[in-house]
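The structure appears below as structure tokens.
The values are calculated or read from the model by the stated rules, or taken from the named source; none is laboratory data. No experiment lies behind these values; they were computed from the predicted model shown. A quick note on method: Cβ atoms are made from the backbone with ideal geometry, for glycine too, and the neighbour counts reach across all protein chains shown.
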Amino acid sequence: MEREGRRRVNTTPQPDPKDRPARLTVGVVGAGRVGPALAASLQLAGHRPVAVSGVSDASRRRAAALLPDVPLMTPAEVLGHAELVLLTVPDDALPGLVAGLAETGAVRPGHLLVHTSGRYGARVLDPALRAGALPLALHPAMTFTGTPVDVQRLAGCSFGVTAPEELRLAAEALVIEMGGEPEWIAEDRRPLYHAALALGSNHLITLVAQSMELLRTAGVGAPDRMLGPLLGASLDNALRSGDAALTGPVARGDAGTVAAHITELRAHAPQAVAGYLAMARATADRALDHGLLKPELAEDLLGVLADGAAGTAGPTRPTGTDGKPGPGGNPDPEGPDGPEGTDGGAR
């Protein structure tokens with residue numbers, strides 16, 4: 001997630017002119033949200049889009065909007081007209097597409113074949129490599145809207161780059177020409193790289209959507225307005241400070257608060273309980289590992305989470321008659337970072 005006003009400037013050293021790819025004719029196989037935007041970006045760098053394939057009406061409209069006057073063709077025809085071909089199809093469709101293009105003779109020696117899947121490295125293009133193609137895996141680590149704004153947002157976008165070593169400079173040069181920043185990913189680390197991005201980006205959307213639903217249930221009229229500053233600060237803190245940015249009742253060891261959360265979720269959003277418990281346990285483990293959660297407070301907290309997973313209410317330490325926490329309660333209600341909320345994070 002990229003916040004307005006914080007767009008990064010590409011600081012990657014520019015390649016030597018001799019290492020830059022010559023002006024190329026560009027084709028797109030799969031006119032989803034990604035392919036036309038990358039082709040339009042390459043066009044700004046001086047390359048020439050000449051062909052695009054798209055099946056659905058939405059794909060054809062995107063192609064017309066981002067690549068006007070570029071003719072629609074079949075995938076095989078795209079390869080027949082273009083020197084650089086962007087294979088921007090869903091992950092599961094990519095191996096079959098590559099195999100089919102190679103088997104039908106559509107791949108020519110010297111073809112630059114670029115796929116944009118985060119999951120796969122260059123090895124998925126081996127059938128085309130055997131036919132003489134030059135395989136590149138360039139994965140832009142951003143979400144796409146399918147509109148012209150994507151071309152602007154590529155500036156400063158990190159790309160996961162995987163290619164044969166002899167093609168590394170050419171791959172990185174293409175990324176730089178699109179305004180991106182190349183990040184080399186080893187072939188065998190590609191699935192882990194993609195899992196990390198999915199965990200941080202895709203699952204974040206699920207968490208935010210669930211939070212907004214719960215706030216509406218609680219009577220909040222504009223949950224997006226309430227969450228926006230909080231989530232923005234939390235993201236900034238996490239990117240800047242890592243685990244040191246952990247806050248909230250789990251990191252503080254507030255077992256009673258966590259037990260109350262679980263009870264309310266069971267009553268109003270039972271579908272969210274499993275996710276809450278999983279994230280709370282992961283947060284507790286990280287807070288313990290980094291010395292943020294005191295071991296003497298962790299016992300009650302972990303007991304509450306275990307009871308929550310078993311479907312029972314978690315036990316909590318009693319509160320004394322004077323209103324102070326009983327034995328084992330959290331003696332520091334403000335947490336390690338000062339008064340609640342002053343660090344900008346969710347507490």
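Kindly provide the set of residues from region 239-253 that are over 23 Å from LEU265 (Cβ atoms) and not polar (S, T, N, Q), ordered by number.
The initial filter retains those residues of region 239-253 that are over 23 Å from LEU265 (Cβ atoms), namely 239-245.
Passing the criteria: LEU239, ARG240, GLY242, ASP243, ALA244, ALA245.
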For this session: Scan region 108-130 for residues that are touching a Pro at 6+ places or on another chain (Cβ under 7 Å), surrounded by fewer than 23 Cβ atoms within 10 Å (Cβ to Cβ) and in a loop (DSSP other than H, G, I, E, B) and jot them down.
Result: ARG119
For this session: Would you please list the contacts, defined by Cβ atoms under 7 Å and residues six or more apart or on different chains, that run from a residue in region 78-99 that is assigned by TED's automatic domain parsing to the domain that holds GLY46 to a residue that is surrounded by fewer than 24 Cβ atoms within 10 Å (Cβ to Cβ) and among the charged types (D, E, K, R)?
Result: ASP91/ARG119
For this session: For ALA245, state whether it is assigned by TED's automatic domain parsing to the domain that holds PRO295, over 12 Å from LEU305 (Cβ atoms), surrounded by 14 or more Cβ atoms within 10 Å (Cβ to Cβ) and not polar (S, T, N, Q).
Result: yes
Exercise. Quick check, is ASP69 out of contact with any helix residue (DSSP H, G or I) (no Cβ under 7 Å at 6 or more places or on another chain) and modelled with pLDDT under 95?
Worked result: yes
Exercise. When GLU172 is evaluated against the numbered criteria (1) under 21 Å from ARG33 (Cβ atoms); (2) in contact (Cβ under 8 Å) with a residue 60 or more places away in the chain, which criterion, by number, is the only one it fails?
Worked result: (1)
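Take the residues of region 257-316 that are among the charged types (D, E, K, R) and under 31 Å from the mean Cα position of the chain (by Cα): which is nearest to ALA238 (Cα to Cα)?
Initially, region 257-316 is screened for residues among the charged types (D, E, K, R), giving 264, 266, 281, 285-286, 289, 294, 296, 299-300, 307.
Okay, now just the ones that are also under 31 Å from the mean Cα position of the chain (by Cα), so 264, 266, 281, 285-286, 289.
Details: GLU264: 27, ARG266: 29, ARG281: 18, ASP285: 16, ARG286: 13, ASP289: 16 Å.
This residue is ARG286.
When residues of region 50-68 are filtered for being outside any helix (DSSP H, G or I) and in contact (Cβ under 8 Å) with a residue 24 or more places away in the chain, how many remain? Spell out how you get there, then give the answer.
Of all residues in region 50-68, those outside any helix (DSSP H, G or I) come to 50-56, 67-68.
Okay, now just the ones that are also in contact (Cβ under 8 Å) with a residue 24 or more places away in the chain, so 50-54, 67.
Residues flagged as outside any helix (DSSP H, G or I) and in contact (Cβ under 8 Å) with a residue 24 or more places away in the chain within region 50-68 amount to 6.
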Seminar exercise, completed: ARG240 passes all but one of the listed conditions (1) assigned by TED's automatic domain parsing to the domain that holds ALA280; (2) farther than 28 Å from ALA272 by Cβ; (3) in contact with a helix residue (DSSP H, G or I) (Cβ under 9 Å, 6 or more places away or on another chain); the exception is number (3)
